Amino acid sequence: QQRDEFRELLLSIRGLPAALPALPLELTVLYNSLLCTVGASDVAIKGEAEGIRQGLLRVLEACGACGQDLGMEELWQKVLQEVTMEELQAPLHRLGALQAAWWLAASQLGSVAGLFQLLSAAEDPSRAHCSEGQNKLLSLLKAWQVPPEGTSLPLVQSAKDVKEILCTAAAFLQGLQELEAGNFPTALSLLQEAAGGFCSKKILAQIYTCLGCCAQRMGKPQTALQHLKRALQVDFQCLPALSHVAAVYHELGETDAEMQALTLLYEALGKNPPAAPSSSPYFLMQTELLVHTPVLTSLLRHHHPSEVKHLLAQRCLQHGRVADAVEHYLDFLSLLQEGLQQQVPLDGSSALPRIPEVFLEAASALEQAGRHQDAITVCEEVISRTTNLIPRVLRVEERLEQPECPLPEAGLVGGLLSKKKESLCCLAWRAAGYLHQGWAWAKLGESKEAVTQFSRCLSDLLRVQLHGSGVKRTDSLQAEVEVLQKIRLLSLIGRGTQFLELGRHKEALLDFQHSLQISPGDPAAASYLVQALWKLNRKQEAAAQWQKFCQGSPGEDEQQQGQERPLPLYLVSCLEQAMFPHSEPLARSIQDYLGAAAQDTS
């Protein structure tokens, strides 16, 4: 209602020709009208303040000047040069503060600094300069003398309050810019300045969250935790702070604390918080209306319950808390049944992996919990859903990359690359499903069924035809090809172990030999190869291979492992199952054999 009254009054005044004596009242009405409009909308300020432009043009009109073709910065410069009337200085300065708010909201910090340099120079040229080492914009804002309030018309929000909000917003915005640029000490200083400024609890919690992120990036996790906990003390509804707390604990390796933070986050997200009241009902112009940058949106991204539930499941699986992992994965799969698309943003910002990967992780957890039939069932779901998405033959060229310079065919190449990458992912998921089923049947003592599943996995992988330099690739498909090769290795080892169980030692030997061709020096493949030779009574060859394996440089193996990409989580349990379990007995047998052979020779 107040906004409408000021708008109608402003329209009435502007219906008359611009006159210098009436301008102080007109500009004050404009100031109040703009503030009421901002306060009523309760959304971030965007675009240009057209009302300010019209007000400045009316000032020039009254002075007999024109400025229709000027941009806003030039228009302000001309107005402040033209106007000498003392009564207009205060209304113009107040309007300048609102102009600064609009420019801050658009991150036009240079324009704000330029405007306040003009305003300070108009009052006192000596205050238009800041000392060396000081932040120029903050120095100019703080140096600006707030004009006294007139008696003609009360202000809906004092210029002094607007100045305080401008100072806080300027420090916050610049802190975010420096944080994004990687200038962490400067960012920390500016964000601390903002934290001591004039703002609501909601904004103060956001500032502390940003301080925590800054400290974390500076390698100061304990300081980060202090800031993040302070954010939650100020406003427990600032849930992004809680997710950052979990991330810091993860970085510190404090699993219990991380899990506790994630559990609290999941519970908090599951509750329907009461609608947040206006941050500060007494102020129309507020800091939150001025600060809405992409970096802040990224730092304060709200996680969806499904994302947190999946993260809990992953952490439990990574740290061997198998029973908890199974519970979380089954909860997550039930969320899928309820329609996960309603809970996860569609803009690509979700931290969730692809759904088949989650199914495979769940299968891995079920296997480790001894629920092998359930794991087989979950994998069957992945296999059935990806079957029709894989072409019969997948040709992977040595290089299939988009050229650096955009060419007419670049879009076509990018489309082919994306399609091929998707096909490789689907193939990896399906093959991994067979791989998990193979190990599950092996655990159930069904070696023949295990061999069948491992063979299906290997048959699937024959669809990929590598052309060029082989596995060591530098193109965009390298990660996918490496995963497929790892699945092939694990499947060969798995099938070989089951051949050993069935007494088919020659077939086992062939699989272990192929494994070593894929990954020369692989400890599991090499150990199983020795065992297969031993069972075939080729003890001299077995001993020679064992000695060759033992003489290999462990430093080189560690270096090679360090250069490898981390495995997808759903393959980690398969890697553990492929490890050779009889190293010590086999070593003793070979050492006894070598000792006996040495005695015979002597």
Query raised in the report: Tell me, what ³J(HN,Hα) does each residue in the stretch 233-250 have, in order and in whole Hz, if you take phi through Karplus 6.51 cos²θ - 1.76 cosθ + 1.60 with θ = phi - 60° and put x for Gly and Pro?
Result: 5, 6, 8, 5, 6, 7, 5, x, 4, 5, 5, 5, 4, 4, 5, 5, 4, 4
Query raised in the report: Out of residues 5 or more away from Val464 or on other chains, whose amide H comes under 5 Å of its own, with H placed 1.01 Å from N in the peptide plane?
Result: Leu394
Report summary line: Per residue convex hull volume, Cα only, the stretch 162-256, in Å³ is 79
Query raised in the report: Working out 0.36 nm times the residue gap between Glu576 and Asp331, then minus their Cα-Cα distance, what length gain in nm do you get to one decimal?
Result: 85.6 nm
Query raised in the report: Under a plain spin-label model, where a point goes 7 Å from the Cα along Cα-to-Cβ, how far apart in nm are Ala587 and Gln478?
Result: 3.5
Query raised in the report: At a probe size of 1.4 Å, how large is the accessible area of Lys443, to the nearest 10 Å²?
Result: 120
Query raised in the report: In a solvent-free Debye calculation with one equal scatterer on each Cα, what is log10 I(q)/I(0) for the stretch 484-546 at q = 0.15, 0.19 Å⁻¹, listed in the order of the q values?
Result: -0.37, -0.59
**Report entry** J(HN,Hα) series, the stretch 177-182, from Karplus relation 6.51 cos²θ - 1.76 cosθ + 1.60, nearest Hz, glycine and proline x
**Finding:** 4, 5, 4, 5, 7, x
Query raised in the report: Under a point-charge model restricted to the Cβ atoms of Lys and Arg (+1) and Asp and Glu (-1), what is the dipole moment magnitude of the stretch 203-269 relative to its Cα centre, in debye to the nearest 20?
Result: 300
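The values are calculated or read from the model by the stated rules, or taken from the named source; none is laboratory data. Note that the structure is predicted; figures quoted are calculated from it, not measured. Note that we place each Cβ from the backbone using ideal geometry, even for glycine, and neighbour counts take in every protein chain shown. All accessible areas refer to the heavy atoms of the entire protein, side chains included, with ligands and DNA or RNA removed. Shrake-Rupley method; radii C 1.70, N 1.55, O 1.52, S 1.80 Å.
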